[in-house]
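The values are calculated or read from the model by the stated rules, or taken from the named source; none is laboratory data. Remember, predicted model here, so these are calculated numbers, not experimental data. Reconstructed Cβ throughout: ideal geometry from the backbone, glycine too, with neighbour counts over all protein chains shown.
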Amino acid sequence: MSKNQSWMARLLVISLLAGAIPAAAQAQTEQGISLSLNGGPVRFSVEPQLVNSTLMVPLRDVSTTLGVTVEWEQAAKTATAVKGERSIQLTVGSTTAYRGDTAVTLAEAPVTVQDKLLVPLRFFSESFDFNVYWDGANRAVSIVDADKSLPTVGSVARLQELLKESGFGTDSGSGFAATGAVAEKAMS
């Protein structure tokens, strides 16, 4: 192979590799976001959209999934969602929402896409006592009923409080006194 042919072959390989990199990057950005509720998969009629750092989902779909009743006021373009004693109010294009009578500022305003109202998932879910966990590496969101979530411990004092609440007091002879000492040493 001549020097020119060798050089052309290398250039061709580099061109092919360079052309493949944007395609792989594009496939990753177009990858959908998977959602689950209490461990089971959730499907929405419109693909959830990540706007800045806010995941927007179709209101009707998320409300049905979480057992929330929604009423729509067309003139004001306002949705009111209610479950038990809890309620929220969202307006298209407004970053001011209401949780009960308390005004809350949203990072992103609700928007209409394909005739569907998209709302911030975290605000909506947490308003009705669901926890939302984002796994950025896998582009996955887990929505978990707060009653089924594990509590956040954060400190030895909180761990001891949770153990006492659960009936496993540190002085009950159940071995948790040693666990508290070990946890305290590990956290320091």
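The set of residues from the stretch 107-128 being surrounded by 16 or more Cβ atoms within 10 Å (Cβ to Cβ) and of a type in the set (V, I, T) comprises just one member, V119. If we scan the stretch 97-105, do we find a residue that is closer than 17 Å to S53 by Cα and either touching a Pro at 6+ places or on another chain (Cβ under 7 Å) or at pLDDT 95 or above (or both)? So far as the stretch 97-105 goes, yes, one or more of its residues are closer than 17 Å to S53 by Cα and either touching a Pro at 6+ places or on another chain (Cβ under 7 Å) or at pLDDT 95 or above (or both). Of the candidates A79, A75, the single residue that is surrounded by fewer than 18 Cβ atoms within 10 Å (Cβ to Cβ), assigned by TED's automatic domain parsing to the domain that holds L121 and on the phi < 0 side of the Ramachandran plot is A75. The set of residues in the stretch 94-105 that are buried (at least 17 other Cβ atoms within 10 Å of the Cβ) and outside any strand (DSSP E or B) is empty.
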